[in-house]
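Engineer: There's a structure below that I have some questions on.
Each value in this text was obtained by applying a stated rule to the coordinates, not by laboratory testing. As the structure is a computational prediction, the values presented were derived from the model and not from experiment. Neighbour counts are summed over all protein chains in view; Cβ atoms, including those assigned to glycine, are modelled from backbone coordinates with ideal geometry.
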């Protein structure tokens with residue numbers, strides 16, 4: 001038995017990173033074979049304090065440094081468990097990693113839960129700064145083996161983690177779960193097409209909806225000034241609203257979403273360019289039934305981007321959705337109805353790959 005098993009919206013919508021400041025832990029408690037410690041550390045922007053949970057395997061002596069992993073969330077206001085639709089994938093991943101001898105750091109995203117700062121106005125570069133701060137926080141702890149700290153990113157986190165590994169050779173390994181590999185315009189266009197199909201539209205009607213969304217994206221990307229962007233965008237949104245009998249409140253909400261700093265950055269950002277810089281051992285896993293980050297448009301670009309990285313693997317796992325939960329259909333509407341729990345195919349794949357990677361990593365010598 002594997003040691004791991006033991007233990008959408010209507011329209012989808014050089015980084016400077018500061019070193020974390022180590023703060024005295026708030027509490028320490030033993031829970032189900034793990035030590036769970038509440039931690040606080042400085043985030044990637046001035047005045048942003050991040051709060052999270054560091055879990056450490058209780059079966060390993062506290063004076064023995066252990067390998068560790070930082071869990072990096074997907075898009076939206078995610079807490080440290082990456083809670084969505086009743087699922088808590090990061091809490092489950094933490095339990096699995098600790099049972100295999102790793103410490104795990106998961107934290108509330110800036111502006112969410114107990115963490116300071118604001119989600120509004122932040123881009124993936126800000127989230128990368130926060131994740132690197134988490135990485136550095138672990139590197140400065142005496143109970144963590146600083147040479148064996150990996151990063152696991154899910155969805156948007158799968159774009160964030162490579163940004164750190166591309167500039168930090170100290171990252172031991174990367175696991176990217178359902179990472180976007182093409183730019184945000186392509187991802188959002190496909191999400192609109194798939195979302196229309198999931199709501200019962202025919203393929204021609206779904207493609208028309210995707211084209212309609214793409215025209216909005218083009219306005220956001222191509223307008224020479226913010227004023228001209230807003231003028232064209234509001235006109236286009238009002239045209240759509242008239243055809244679809246949508247309220248002014250919906251128009252304004254869509255305008256706010258489409259013009260946010262996060263979305264404008266995502267539209268043009270090319271994740272493949274960052275992946276091409278990675279030489280760190282990297283495992284990229286796509287979910288065969290994923291309706292949000294479809295393997296059909298992301299798998300081949302991932303393989304191409306990582307072709308020069310001899311320590312990289314790309315796989316598509318069968319029978320699972322974007323949350324890597326066993327699924328029949330894969331649509332977002334199904335999330336609340338599928339049984340919680342990460343799929344065994346994910347756990348076995350992680351177990352096999354990490355076991356091989358760990359054999360190549362240096363054993364603990366001294367903290368840097």
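Engineer: Any chance you could check the Cα centroid distance between the range 226-305 and the range 34-54 for me, in angstrom?
Structural biologist: Using only Cα atoms, the two centres lie 29 Å from each other.
Engineer: Sort the following peptides by mean Cβ neighbour count (other Cβ atoms within 10 Å, averaged over residues), highest first: 88-96, 229-237.
Structural biologist: Packing order, densest peptide first, comes out as 88-96, 229-237.
Engineer: Can you tell me the relative contact order of the range 184-268? Whole percent, Cα pairs under 8 Å, sequence separation 6 or more.
Structural biologist: 31
Engineer: Based on other C-beta atoms within 10 Å, arrange 186, 156, 132, 359 from fewest to most.
Structural biologist: Listed from fewest to most nearby Cβ atoms, that is 359, 186, 156, 132.
Engineer: Let me ask something additional. Run lengths n ≥ 4 of DSSP H only: what is the helix-derived mean residue ellipticity at 222 nm for the chain, with -39500 (n - 2.57) per run over all residues, to the nearest 500?
Structural biologist: The helix contribution divided over the chain gives -12500 deg cm²/dmol.
Engineer: Determine the relative contact order of the range 114-197: mean sequence separation of Cα pairs under 8 Å and six or more apart, normalised by residue count, in whole percent.
Structural biologist: 25
Engineer: Still on this structure: Take the alpha carbon gyration tensor of the range 184-268, find the square roots of its eigenvalues, order them as a ≥ b ≥ c, and report rounded if a/c is under 1.5; if not, report prolate when a/b exceeds b/c, else oblate.
Structural biologist: Oblate is the answer for the range 184-268, as a/c is 1.5 or above yet b/c matches or exceeds a/b.
Engineer: Just need the relative contact order of the range 257-355 here, percent rounded to a whole number, with Cα pairs under 8 Å and 6+ apart.
Structural biologist: 25
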